[in-house]
Amino acid sequence: MALYAAAAAVLAGVESRQGSIKGLVYASSFQNVKQLYALVCETQRYSAVLDSVISSAGLLRAEKKLRPHLAKVLVYELLLGRGFRGGGGRWKPLLNRHQARLKAELARLKVHRGVSRNEDLLEAGCGPGAASQVPRFVRVNTLKTCSDDAIDYFKRQGFSYQGRASSLEDLRALKGKCFLLDPLLPELLVFPAQTDLHEHPLYQAGHLILQDKASCLPAMLLAPPPGSHVIDACAAPGNKTSHLAALLKNQGKIFAFDLDAKRLASMATLLARAGVSCCQLAEEDFLAVSPSDQRYRQVQYILLDPSCSGSGMLTRQLEESGTAVPSKERLRALAGFQQRALCHALTFPSLQRLVYSTCSVCQEENEDVVQEALQQSSGTFRLAPVLPSWPHRGLNIFPGAEHCLRASPETTLTGGFFIAVLERVEVPR
């Protein structure tokens, strides 16, 4: 089946450092990118477990034509995934020949580690530290439903609702089929780390968005009121755009730009499923968009989440175990683009508030970019103080940098992230 071959190719590309999971998935020719992304992420999450089971069962010795990455994907699907329901192609009979031995080796591994559930094998030390323990955050799409209705749906499915969390410790303690409401974002549900909701009917219907908490902060902090005109400067894959539309209640306009036609096509599908009707997509370089264009004369809000190294992404931390550091040359090139994009955004004449964010943990892409843009704005914009109780602040490299926010698995139980909120300085009359 094409899905399994595509997943194996992505895993091989990640191992040979050809790119990240997300980048390689989007670069593949497989049509259903979300299905492929989910399968690759889950296979990689259980990578060490699968390696152990495959080795103990002697699968690759018995099936010499079966390549290691494909074997890993197939064994994941057989033992931990959907079990080849409705498919499997020519690989199903091959795996079925070894099914009893593979299941026996998985059971033996559980006994050896003293655990009873598949997910507990991860907690027993197969994940690379804090990144594997970040909860599953699920944003309720308020364009289609509300938090109360989503909570009731999960309760009817046998999940146990624990109320609103009061601390990070509440989130760390989540296990089994328990879930919480996030203490900061009223539309964010929190499930245990290994919860997989990609096949959940509410997700597939666009009622739920699987989105890390840190990734939800940019739209929340931009906070455009209904009726506003907003630019999402580097918009794909579209989760933040759909969040902006929910905040606007589909009233107003979002001008969303991205240069990648394939990512824009996937984004259009995501936005349609989410019920977004106030967004205009454009396959265009944001740097080529003229601030004097009359279409954007009412734009008061801009969300800028530009291309970055992705050094804070959970999938990258899980797949590379913290070993891959972006080169100085790559950081320099990325920071140059990020700085040009931020300075360009600040020239839109009606702009009042801008959120700059990255999924990078590198100072060169974060505080350094913001500092340079503020200097070039000559006092027209300043950093807005936001979320004073947020535990992880910007690096103290210039006055006011503490108003920036950082996030990490260790300090905020999220992916690595950086956010700065810039607001126009009011000129006294």
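The values are calculated or read from the model by the stated rules, or taken from the named source; none is laboratory data. From a predicted model like this one, the values you see are computed outputs, not experimental measurements. Note that each Cβ is placed from the backbone with ideal geometry, even for glycine, and that neighbours are counted across all protein chains shown. Accessible surface areas use protein heavy atoms only, side chains included; no ligands, DNA or RNA. Shrake-Rupley method; radii C 1.70, N 1.55, O 1.52, S 1.80 Å.
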Report whether or not R85 is over 20 Å from K262 (Cα atoms), modelled with pLDDT under 85 and open to solvent by 30 Å² or more (accessible area, probe 1.4 Å). yes
Of those in the stretch 57-73 that are open to solvent by 50 Å² or more (accessible area, probe 1.4 Å) and in a helix (DSSP H, G or I), the residue farthest from G13 (Cα to Cα) is A62
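Conditions (1) touching a residue at least 40 places away in the same chain (Cβ under 8 Å); (2) surrounded by 20 or more Cβ atoms within 10 Å (Cβ to Cβ); (3) assigned to a helix (DSSP H, G or I); (4) not aliphatic (A, V, I, L, M), marked per residue:
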residue	(1), (2), (3), (4)
L281	yes, yes, no, no
S309	yes, yes, no, yes
R330	no, no, yes, yes
Y356	yes, yes, no, yes
L387	yes, no, no, no
When the stretch 225-238 is examined, which residues are found to be more than 21 Å from F337 (Cα to Cα) and surrounded by fewer than 22 Cβ atoms within 10 Å (Cβ to Cβ)? P225, P226, G227, H229
Exception for N396 within (1) open to solvent by 20 Å² or more (accessible area, probe 1.4 Å); (2) at pLDDT 95 or above; (3) polar (S, T, N, Q) falls at (2)
What are the pairs with Cβ atoms under 6 angstrom where one residue, in the stretch 194-214, is more than 16 Å from L143 (Cβ to Cβ) and the other, located anywhere, is open to solvent by 20 Å² or more (accessible area, probe 1.4 Å)? Sequence gap at least six, or different chains. Q194/E119; T195/R136; L197/Y203
Total residues in the stretch 241-259, condition in contact with an Asp or Glu (Cβ under 6 Å, 6 or more places away or on another chain) and assigned to a helix (DSSP H, G or I): 1
For the stretch 235-250, indicate whether the set of residues that are farther than 23 Å from C359 by Cβ and either among the hydroxyl-bearing types (S, T, Y) or touching a helix residue (DSSP H, G or I) at 6+ places or on another chain (Cβ under 7 Å) (or both) is non-empty. no
Test for S377: is it modelled with pLDDT of 90 or more, more than 25 Å from the chain's Cα centre (by Cα), among the polar types (S, T, N, Q) and open to solvent by less than 40 Å² (accessible area, probe 1.4 Å): yes
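Looking at L346, L405, L383, L342, which one is within 21 Å of the chain's Cα centre (by Cα) and either more than 30 Å from I21 (Cβ to Cβ) or crowded, with 21+ Cβ neighbours inside 10 Å (or both)?
L405
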Which of (1) touching a residue at least 60 places away in the same chain (Cβ under 8 Å); (2) surrounded by fewer than 16 Cβ atoms within 10 Å (Cβ to Cβ); (3) part of a strand (DSSP E or B) is the odd one out, the single condition K262 does not satisfy? (3)
If I21 satisfies all but one of (1) open to solvent by 20 Å² or more (accessible area, probe 1.4 Å); (2) closer than 30 Å to S307 by Cβ, what's the number of the condition it fails? (1)
Q35 being out of contact with any strand residue (DSSP E or B) (no Cβ under 9 Å at 6 or more places or on another chain), open to solvent by 40 Å² or more (accessible area, probe 1.4 Å), closer than 30 Å to A268 by Cα and assigned to a loop (DSSP other than H, G, I, E, B): no
Residues L221, L248, L202: which one is modelled with pLDDT of 95 or more, farther than 21 Å from E42 by Cα and surrounded by fewer than 22 Cβ atoms within 10 Å (Cβ to Cβ)? L221
